[in-house]
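Each value in this text was obtained by applying a stated rule to the coordinates, not by laboratory testing. Please read these numbers as outputs of a predicted model, since none were measured by experiment. In this analysis, Cβ positions are derived from the backbone assuming ideal geometry, glycine residues included, and neighbour counts consider all displayed protein chains.
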Amino acid sequence: LILAQKDMGTAIHYLAIWLFMIFMSKLKDKWILRVSCLGGILGIGGLAAVYKYASEDGASYKIMRIKSYIDGLFFGNYSDDYGYQVKQSVYAFGSGGLFGKGYANGVQKYSYLPEIHTDFIMATFGEEFGIMGMFVVVGLFFALYHFIMVTGRECKNYFGKYLALGMGAQIITQVIINIFVAVGLLPVFGLPMPFFSYGGSAMVTMGIALGLIHNMNVE
């Protein structure tokens, strides 16, 4: 249903949550390995097919975005149309260096990177606080994920355990996807950064998730 609404980014995020929960379940390791290998082969084959099709006339916008991602990742060639946001984002991280330019001293937010307050918010953060600032933020998110997993393990019923696992996966996969998109390691999906990106519905969703986790912990 989400794909029918042409929101591929959210559909991929839900798939990532589902796969994460499958891998963390009691499924045998050999089946996880088989699925991982099959997924890797299909993924590489799919990207190769998309890249070949993108050279033909009439390729869709999503196909061209994936082609731009492959060109940027493997050849360092970011186009000025489909790859413009990623190119400017990479510039932001590169100019930030190790410790960044300092709070409010970034320049990408001045219309160089469009809508930087949404999906590419970490580009301006990396520019102003550098790689060390990014390590701090990622570390805090993984600490939050760890606390959620501890709450899930201590829960007395399996529904609560898998609910905590799913909510932890929701947060950590969204963080990983958002940062990987910002540095050009994944195609642009359009997923916000939890607790950073502008948007009321995302903040409400994350607040509800953490509230449920807290309620499990209290019980």
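A compact table of results
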read-out: For peptides 194-200, 160-166, sequence by mean Cβ density within 10 Å, most packed first; value: 160-166, 194-200
read-out: Label-point separation, ILE70 to TRP18 (7 Å along Cα→Cβ), nm; value: 2.5
read-out: Spin-label pair TYR51/LYS28, simplified geometry with 7 Å Cα→Cβ offset, distance in nm; value: 3.6
read-out: 26 Å Cα-Cα reach of LYS30 towards lysines, excluding residues that sit fewer than 8 places from it in its own chain; value: LYS161
read-out: Candidates PHE141, PHE120, PHE159, ranked by Gaussian network fluctuation over the chain, Cα under 10 Å, top entry; value: PHE159
read-out: Reference-scaled alpha-carbon Rg (2.2 N^0.38 Å with N residues) for the chain; value: 1.11
read-out: Relative contact order (percent, whole number), segment 3-218, Cα cutoff 8 Å, 6+ residue spacing; value: 22
read-out: Spatially proximal aspartates and glutamates relative to LYS62 (Cα-Cα < 20 Å; intrachain offsets below 8 disregarded); value: ASP7, ASP71, ASP80, ASP81, GLU115, ASP119
read-out: Extension gain, LEU212 back to ALA4 (0.36 nm per residue minus Cα-Cα distance, nm); value: 71.9 nm
read-out: FRET efficiency, 1/(1 + (r/R0)^6) with R0 35 Å, evaluated for TYR84 and ILE44 via beta carbons; value: 0.85
read-out: Using a Förster distance of 45 Å, the FRET efficiency for VAL150-SER111 (Cβ separation, nearest 0.05); value: 0.55
